[in-house]
Amino acid sequence: MNSVKQSVFLSLLFAGWILAVAAPMSAQVGRQQGMIEPNVADEKEFMKLPHLNPALVMGIVERRPFANMMDLHKFLSQSLDAKQLSELYTKMFLQLNLNTAAREEIMLIPGMGNRMLREFLEYRPYTAIAQFRKEIGKYVDDKEVARLEQYVFVPINVNSASDEAILSIPGITPQTLRGLKEHRPYKSIQELRTEIARYVDAKELGRLERYIIIN
């Protein structure tokens, strides 16, 4: 390969890498591998999970949507010990906002240690889930990155997000997607609440809001 061709090849390769890592239109919620999302799961799904009984399942359903994982953890901790919770959290977890989750909330991720906690915090603010994959991939292999990704999300700018990004929100419907797109750009979260109330009830709106930012 002559120098000109090599230069062109390297330029294209670098440009492709930049798009893959930084593109804001990619999905912003970590890819799931069978992880149950407690704000949307049904009772049959819950009953397949370790250490959950009918009373706990009813308690989860009655209290949701949970605003964050710590709220769910406080409820479950009244009935389950640390070992049981750790086992349960390998199957069910409420994804954490990578930019705002507290240290103690991140430490709820099974297998999380102080070193990885520091890496999670070091790269804030995250602008895309691809950035998380790239940065955390410096310390662990692809399999572990994929496992950790299940537990996190990067907030979605609803004014510019692609369909793919919005549909990565667990449980969102095509009707809600259309509603979100129809009324943008939004100037405030209050405006979004007013418009989207036409499509979803207050509980569902509260559940969706944790994934969304307005810029």
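The values are calculated or read from the model by the stated rules, or taken from the named source; none is laboratory data. This is a predicted model, so every value here is computed, not measured. Cβ placement follows ideal geometry from the backbone for every residue including glycine, while neighbour counts extend to all protein chains displayed.
Could you identify the single residue in P170, P185 that is of a type outside the set (S, T, N, Q), at pLDDT 95 or above and not in a helix (DSSP H, G or I)? Full working, then the answer.
Working: P170 fails: at pLDDT 95 or above.
Step by step, each of P170, P185 is checked, and only P185 is of a type outside the set (S, T, N, Q), at pLDDT 95 or above and not in a helix (DSSP H, G or I).
So how many residues does the range 102-115 have that are under 20 Å from V29 (Cβ atoms) and out of contact with any strand residue (DSSP E or B) (no Cβ under 8 Å at 6 or more places or on another chain)? Talk me through it step by step, then tell me what you get.
Filtering the range 102-115 for residues under 20 Å from V29 (Cβ atoms) gives 102, 105-106, 108-110, 112.
So of that shortlist, the ones also out of contact with any strand residue (DSSP E or B) (no Cβ under 8 Å at 6 or more places or on another chain) come out as 102, 108, 110, 112.
Here the count works out to 4.
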Quiz prompt | Residues located in the range 125-161, provided they are assigned to a helix (DSSP H, G or I) and over 17 Å from I106 (Cα atoms) | solution = A130, Q131, K134, D142, K143
Quiz item: Mind checking which residues of the range 30-66 are farther than 27 Å from R133 by Cβ and among the β-branched types (V, I, T)?
Solution: V57, I60, V61
Quiz item: Looking at the range 138-148, which of its residues are surrounded by 14 or more Cβ atoms within 10 Å (Cβ to Cβ) and in contact with a helix residue (DSSP H, G or I) (Cβ under 7 Å, 6 or more places away or on another chain)?
Solution: V145, L148
Self-check item: Residue among E105, E119 that alone is free of Cβ contacts under 8 Å to residues at least 40 places away in the same chain, assigned to a helix (DSSP H, G or I) and in contact with a Leu (Cβ under 9 Å, 6 or more places away or on another chain)
Solution: E105
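For the range 105-137: of the residues being among the acidic types (D, E) and surrounded by 11 or more Cβ atoms within 10 Å (Cβ to Cβ), which is nearest to the chain's Cα centre (by Cα)? First the steps, then the outcome.
Looking only at the range 105-137, we keep the residues that are among the acidic types (D, E), and these are 105, 119, 122, 135.
Those left that are additionally surrounded by 11 or more Cβ atoms within 10 Å (Cβ to Cβ): 105, 119, 135.
Values: E105: 14, E119: 17, E135: 17 Å.
Among residues in the range 105-137 that are among the acidic types (D, E) and surrounded by 11 or more Cβ atoms within 10 Å (Cβ to Cβ), the one nearest to the chain's Cα centre (by Cα) is E105.
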Quiz item: Given the conditions (1) surrounded by fewer than 19 Cβ atoms within 10 Å (Cβ to Cβ); (2) out of contact with any Asp or Glu (no Cβ under 8 Å at 6 or more places or on another chain), and given that A101 satisfies all but one, which numbered condition is not satisfied?
Solution: (1)
Quiz item: Counting only residues that are touching a Lys or Arg at 6+ places or on another chain (Cβ under 9 Å) and outside any loop (DSSP other than H, G, I, E, B), how many does the range 42-96 have?
Solution: 3
